[in-house]
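The values are calculated or read from the model by the stated rules, or taken from the named source; none is laboratory data. Just so you know, these numbers come straight off a predicted model, no measurement behind them. Don't worry about glycine lacking a Cβ; one is built from the backbone with ideal geometry, like all the others, and counts go over all protein chains shown.
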Amino acid sequence: MDRLSAFFDAFPLEVHVPACVGTGWTSAHEGPKLYLLGDASGRLTQVVLHVRGAAAPADALMVVDVSFGGSDNPLLGTLPDALHLPVEDDRTGVGNLARAFIDEWSSARCGHRHALHRLGEVIVLMVLRAAIERGSTRPCLLAGLAHPLLHRVLVALHESPAHPWTVEELAQIAGLSRSHFMALFPKVVGATPMSYLTKWRVRLGQRELRRANIKVKAVARRVGFASAEAFSRAYQREFGRPPVDDMRV
(Lines give C-alpha, C1' and ligand atoms only; values in the text may rest on other atoms or scores of the structure.)
Protein backbone atom coordinates (compact mmCIF):
# COMPACT_ATOMS: atom_id res chain seq x y z
CA MET A 1 0.00 0.00 0.00
CA ASP A 2 1.41 3.38 -1.07
CA ARG A 3 1.85 5.58 1.99
CA LEU A 4 3.39 8.64 0.31
CA SER A 5 1.86 9.26 -3.12
CA ALA A 6 -1.25 11.04 -1.81
CA PHE A 7 1.02 13.51 -0.02
CA PHE A 8 2.96 14.33 -3.14
CA ASP A 9 -0.18 14.55 -5.25
CA ALA A 10 -1.30 17.35 -2.92
CA PHE A 11 2.15 18.72 -2.02
CA PRO A 12 4.43 18.20 -5.05
CA LEU A 13 8.01 17.12 -4.36
CA GLU A 14 10.66 19.07 -6.28
CA VAL A 15 14.46 19.19 -6.22
CA HIS A 16 16.97 21.66 -7.61
CA VAL A 17 20.76 21.46 -7.77
CA PRO A 18 22.28 24.85 -6.87
CA ALA A 19 25.42 26.19 -8.51
CA CYS A 20 28.85 25.05 -7.37
CA VAL A 21 31.39 27.86 -7.03
CA GLY A 22 34.95 26.75 -6.35
CA THR A 23 34.76 24.20 -3.56
CA GLY A 24 31.45 25.49 -2.19
CA TRP A 25 27.77 25.28 -3.07
CA THR A 26 25.68 28.42 -3.36
CA SER A 27 21.96 28.44 -2.70
CA ALA A 28 19.42 31.04 -1.64
CA HIS A 29 17.03 28.24 -0.64
CA GLU A 30 16.58 28.12 3.14
CA GLY A 31 14.32 25.09 3.24
CA PRO A 32 15.02 21.35 3.23
CA LYS A 33 18.27 20.13 1.70
CA LEU A 34 19.62 16.78 0.59
CA TYR A 35 23.34 16.19 1.11
CA LEU A 36 25.39 13.46 -0.52
CA LEU A 37 28.35 13.06 1.82
CA GLY A 38 31.73 11.47 1.17
CA ASP A 39 35.03 10.62 2.84
CA ALA A 40 38.43 12.25 2.24
CA SER A 41 38.91 10.24 -0.95
CA GLY A 42 35.59 11.43 -2.38
CA ARG A 43 33.86 8.09 -1.90
CA LEU A 44 30.12 8.38 -1.18
CA THR A 45 29.37 7.41 2.43
CA GLN A 46 25.85 8.56 3.26
CA VAL A 47 22.80 10.49 2.17
CA VAL A 48 21.36 13.04 4.60
CA LEU A 49 18.05 14.89 4.31
CA HIS A 50 17.95 18.03 6.47
CA VAL A 51 14.24 18.73 6.79
CA ARG A 52 14.64 22.22 8.32
CA GLY A 53 17.65 23.11 6.19
CA ALA A 54 21.26 23.45 7.35
CA ALA A 55 24.61 24.75 6.14
CA ALA A 56 26.47 22.37 3.83
CA PRO A 57 28.94 20.21 5.77
CA ALA A 58 32.58 20.13 4.67
CA ASP A 59 32.27 16.55 3.39
CA ALA A 60 29.36 17.33 1.04
CA LEU A 61 29.92 15.94 -2.45
CA MET A 62 26.59 17.34 -3.65
CA VAL A 63 23.95 19.69 -2.28
CA VAL A 64 20.35 19.47 -3.46
CA ASP A 65 17.57 21.93 -2.60
CA VAL A 66 14.31 20.15 -1.79
CA SER A 67 10.75 21.45 -1.75
CA PHE A 68 7.90 19.46 -0.23
CA GLY A 69 5.25 21.62 -1.85
CA GLY A 70 5.35 24.27 0.86
CA SER A 71 5.88 24.53 4.59
CA ASP A 72 2.23 23.58 5.17
CA ASN A 73 2.88 19.96 4.15
CA PRO A 74 1.79 18.07 7.31
CA LEU A 75 4.48 15.44 6.74
CA LEU A 76 7.23 17.98 7.49
CA GLY A 77 6.20 18.54 11.08
CA THR A 78 6.46 14.83 11.87
CA LEU A 79 9.99 14.29 10.56
CA PRO A 80 13.16 14.71 12.65
CA ASP A 81 15.50 17.57 11.74
CA ALA A 82 17.83 15.23 9.85
CA LEU A 83 17.41 11.80 8.29
CA HIS A 84 20.63 9.83 7.74
CA LEU A 85 20.89 6.92 5.33
CA PRO A 86 24.36 5.28 5.16
CA VAL A 87 25.22 3.61 1.86
CA GLU A 88 27.56 0.91 3.25
CA ASP A 89 24.84 -1.67 3.82
CA ASP A 90 22.84 -0.50 0.83
CA ARG A 91 19.70 -2.62 1.00
CA THR A 92 17.63 0.38 -0.05
CA GLY A 93 19.55 0.93 -3.29
CA VAL A 94 19.99 4.62 -2.47
CA GLY A 95 23.77 4.38 -2.89
CA ASN A 96 23.51 3.40 -6.55
CA LEU A 97 20.99 6.19 -7.14
CA ALA A 98 23.21 8.75 -5.41
CA ARG A 99 26.25 7.67 -7.43
CA ALA A 100 24.18 7.91 -10.62
CA PHE A 101 23.11 11.40 -9.52
CA ILE A 102 26.74 12.51 -9.04
CA ASP A 103 27.75 10.99 -12.37
CA GLU A 104 24.86 12.70 -14.16
CA TRP A 105 25.77 16.07 -12.67
CA SER A 106 29.47 15.80 -13.56
CA SER A 107 28.90 14.58 -17.13
CA ALA A 108 26.33 17.23 -18.14
CA ARG A 109 24.88 15.08 -20.90
CA CYS A 110 21.80 16.03 -22.93
CA GLY A 111 18.75 16.40 -20.71
CA HIS A 112 20.83 16.11 -17.55
CA ARG A 113 18.86 18.84 -15.74
CA HIS A 114 15.64 16.82 -16.00
CA ALA A 115 17.49 13.61 -15.15
CA LEU A 116 18.90 15.25 -12.01
CA HIS A 117 15.44 16.39 -10.93
CA ARG A 118 13.96 12.91 -11.31
CA LEU A 119 16.92 11.12 -9.68
CA GLY A 120 16.89 13.62 -6.81
CA GLU A 121 13.18 13.08 -6.22
CA VAL A 122 13.66 9.31 -6.10
CA ILE A 123 16.55 9.65 -3.63
CA VAL A 124 14.40 11.81 -1.33
CA LEU A 125 11.59 9.26 -1.55
CA MET A 126 14.02 6.47 -0.62
CA VAL A 127 15.11 8.42 2.47
CA LEU A 128 11.47 8.98 3.45
CA ARG A 129 10.71 5.28 2.97
CA ALA A 130 13.52 4.43 5.37
CA ALA A 131 12.13 6.95 7.87
CA ILE A 132 8.69 5.36 7.68
CA GLU A 133 10.17 1.90 8.20
CA ARG A 134 11.98 3.15 11.32
CA GLY A 135 8.84 4.86 12.60
CA SER A 136 8.76 7.32 15.49
CA THR A 137 8.83 7.05 19.26
CA ARG A 138 6.32 9.90 19.69
CA PRO A 139 2.68 10.15 18.58
CA CYS A 140 2.66 11.71 15.10
CA LEU A 141 1.80 11.10 11.47
CA LEU A 142 5.13 9.33 10.84
CA ALA A 143 4.33 6.84 13.60
CA GLY A 144 0.92 6.24 12.03
CA LEU A 145 2.39 5.65 8.58
CA ALA A 146 4.78 3.13 10.13
CA HIS A 147 2.06 1.29 12.06
CA PRO A 148 1.16 -2.12 10.59
CA LEU A 149 -2.60 -1.48 10.88
CA LEU A 150 -3.15 2.25 11.06
CA HIS A 151 -1.19 3.09 7.91
CA ARG A 152 -4.06 1.59 5.90
CA VAL A 153 -6.47 4.04 7.51
CA LEU A 154 -4.22 7.03 6.85
CA VAL A 155 -3.77 6.07 3.20
CA ALA A 156 -7.55 5.80 2.82
CA LEU A 157 -8.08 9.25 4.36
CA HIS A 158 -5.33 10.83 2.27
CA GLU A 159 -6.51 9.30 -0.99
CA SER A 160 -10.25 9.91 -0.50
CA PRO A 161 -10.70 12.94 1.78
CA ALA A 162 -14.14 13.78 0.40
CA HIS A 163 -15.60 10.39 1.28
CA PRO A 164 -18.12 10.61 4.18
CA TRP A 165 -15.97 8.52 6.49
CA THR A 166 -17.32 7.03 9.71
CA VAL A 167 -15.36 5.66 12.63
CA GLU A 168 -16.87 2.23 11.95
CA GLU A 169 -15.56 2.24 8.37
CA LEU A 170 -12.09 3.27 9.47
CA ALA A 171 -12.00 0.65 12.22
CA GLN A 172 -12.94 -1.97 9.64
CA ILE A 173 -10.08 -0.85 7.38
CA ALA A 174 -7.69 -1.22 10.31
CA GLY A 175 -9.14 -4.63 11.17
CA LEU A 176 -9.92 -3.54 14.72
CA SER A 177 -12.97 -3.17 16.90
CA ARG A 178 -14.36 0.34 17.15
CA SER A 179 -13.26 0.75 20.76
CA HIS A 180 -9.75 -0.59 20.14
CA PHE A 181 -9.37 1.60 17.06
CA MET A 182 -10.52 4.74 18.87
CA ALA A 183 -8.04 4.07 21.68
CA LEU A 184 -5.12 3.19 19.39
CA PHE A 185 -5.34 5.91 16.73
CA PRO A 186 -4.77 8.96 19.00
CA LYS A 187 -2.13 7.06 20.96
CA VAL A 188 -0.09 6.50 17.78
CA VAL A 189 -1.02 9.48 15.57
CA GLY A 190 -1.61 12.11 18.24
CA ALA A 191 -5.17 13.03 17.20
CA THR A 192 -8.54 11.33 16.91
CA PRO A 193 -9.39 9.94 13.45
CA MET A 194 -12.01 12.59 12.72
CA SER A 195 -9.85 15.42 14.01
CA TYR A 196 -7.01 14.25 11.77
CA LEU A 197 -9.35 13.96 8.80
CA THR A 198 -10.67 17.49 9.37
CA LYS A 199 -7.14 18.90 9.47
CA TRP A 200 -6.21 17.05 6.27
CA ARG A 201 -9.32 18.34 4.51
CA VAL A 202 -8.64 21.90 5.63
CA ARG A 203 -5.02 21.74 4.40
CA LEU A 204 -6.20 20.50 1.02
CA GLY A 205 -8.84 23.21 0.94
CA GLN A 206 -6.25 25.89 1.63
CA ARG A 207 -4.17 24.73 -1.33
CA GLU A 208 -7.24 24.74 -3.57
CA LEU A 209 -8.05 28.31 -2.57
CA ARG A 210 -4.50 29.49 -3.23
CA ARG A 211 -4.13 27.73 -6.57
CA ALA A 212 -7.33 28.56 -8.39
CA ASN A 213 -10.06 31.17 -8.63
CA ILE A 214 -12.69 29.03 -6.95
CA LYS A 215 -15.53 29.72 -4.52
CA VAL A 216 -15.34 28.62 -0.89
CA LYS A 217 -18.50 26.54 -1.30
CA ALA A 218 -16.97 24.57 -4.18
CA VAL A 219 -13.75 23.96 -2.26
CA ALA A 220 -15.68 22.83 0.82
CA ARG A 221 -17.61 20.28 -1.21
CA ARG A 222 -14.49 19.08 -3.03
CA VAL A 223 -12.56 18.29 0.16
CA GLY A 224 -15.44 16.67 2.02
CA PHE A 225 -17.28 19.29 4.08
CA ALA A 226 -21.07 19.26 4.13
CA SER A 227 -21.29 23.04 3.79
CA ALA A 228 -19.24 26.17 3.26
CA GLU A 229 -20.08 27.17 6.83
CA ALA A 230 -18.61 23.96 8.27
CA PHE A 231 -15.49 24.41 6.17
CA SER A 232 -15.14 28.04 7.25
CA ARG A 233 -15.42 27.14 10.94
CA ALA A 234 -12.79 24.42 10.66
CA TYR A 235 -10.56 26.73 8.62
CA GLN A 236 -10.82 29.49 11.21
CA ARG A 237 -9.89 27.05 14.00
CA GLU A 238 -6.88 25.74 12.08
CA PHE A 239 -5.43 28.96 10.67
CA GLY A 240 -7.00 31.74 12.74
CA ARG A 241 -8.52 33.44 9.69
CA PRO A 242 -11.46 32.84 7.33
CA PRO A 243 -10.87 31.00 4.04
CA VAL A 244 -11.66 34.10 1.97
CA ASP A 245 -8.38 35.60 3.24
CA ASP A 246 -6.46 32.93 1.33
CA MET A 247 -8.43 33.04 -1.88
CA ARG A 248 -6.47 33.67 -5.05
CA VAL A 249 -7.47 37.00 -6.61
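So which residues in the stretch 167-179 are over 27 Å from GLY77 (Cβ atoms) and either in a helix (DSSP H, G or I) or in contact with an Asp or Glu (Cβ under 8 Å, 6 or more places away or on another chain) (or both), if there are any at all? Those that are over 27 Å from GLY77 (Cβ atoms) and either in a helix (DSSP H, G or I) or in contact with an Asp or Glu (Cβ under 8 Å, 6 or more places away or on another chain) (or both): GLU168, GLN172, ARG178, SER179.
Among the residues making up the stretch 49-68, those that are touching a helix residue (DSSP H, G or I) at 6+ places or on another chain (Cβ under 7 Å) and either small (Gly, Ala, Ser) or in a strand (DSSP E or B) (or both) are LEU49, LEU61, MET62, VAL64, VAL66.
Residues satisfying the criterion are absent from the stretch 40-53 (criterion: surrounded by 12 or more Cβ atoms within 10 Å (Cβ to Cβ), within 30 Å of VAL188 (Cβ to Cβ) and hydroxyl-bearing (Ser, Thr, Tyr)). Might you let me know whether the stretch 191-202 holds any residue that is surrounded by 20 or more Cβ atoms within 10 Å (Cβ to Cβ), in a loop (DSSP other than H, G, I, E, B) and either in contact with a helix residue (DSSP H, G or I) (Cβ under 6 Å, 6 or more places away or on another chain) or charged (D, E, K, R) (or both)? No; the residues of the stretch 191-202 include none that is surrounded by 20 or more Cβ atoms within 10 Å (Cβ to Cβ), in a loop (DSSP other than H, G, I, E, B) and either in contact with a helix residue (DSSP H, G or I) (Cβ under 6 Å, 6 or more places away or on another chain) or charged (D, E, K, R) (or both). Screening ILE173 against (1) modelled with pLDDT under 95; (2) under 23 Å from ASP2 (Cβ atoms) leaves a single unmet condition, (1). For the stretch 69-123, how many residues are part of a loop (DSSP other than H, G, I, E, B), small (Gly, Ala, Ser) and crowded, with 17+ Cβ neighbours inside 10 Å? Result for the stretch 69-123: 1. Of all residues in the stretch 219-249, those being in a helix (DSSP H, G or I), loosely packed, with under 15 Cβ neighbours inside 10 Å, of a type outside the set (D, E, K, R) and at pLDDT below 95 number 1.
Taking the condition not aliphatic (A, V, I, L, M) and not in a helix (DSSP H, G or I), does PRO164 pass?
yes
For ARG207, the requirement of being modelled with pLDDT of 95 or more and assigned to a helix (DSSP H, G or I) is not met.
Listed by first and then second residue, the pairs with beta-carbon distance under 9 Å, at least 6 apart or on different chains, first residue in the stretch 224-249 and without any contact (Cβ under 8 Å) to a residue 60 or more places away in the chain and among the polar types (S, T, N, Q), second part of a helix (DSSP H, G or I) and surrounded by 13 or more Cβ atoms within 10 Å (Cβ to Cβ), are SER227/LYS217; SER227/ALA220; SER227/ARG221; SER232/VAL216; SER232/ALA220; SER232/PRO243; GLN236/PRO243.
Of all the listed residues (LEU128, LEU149), the sole one being out of contact with any helix residue (DSSP H, G or I) (no Cβ under 6 Å at 6 or more places or on another chain), surrounded by 13 or more Cβ atoms within 10 Å (Cβ to Cβ) and either under 28 Å from GLU14 (Cβ atoms) or not polar (S, T, N, Q) (or both) is LEU128.
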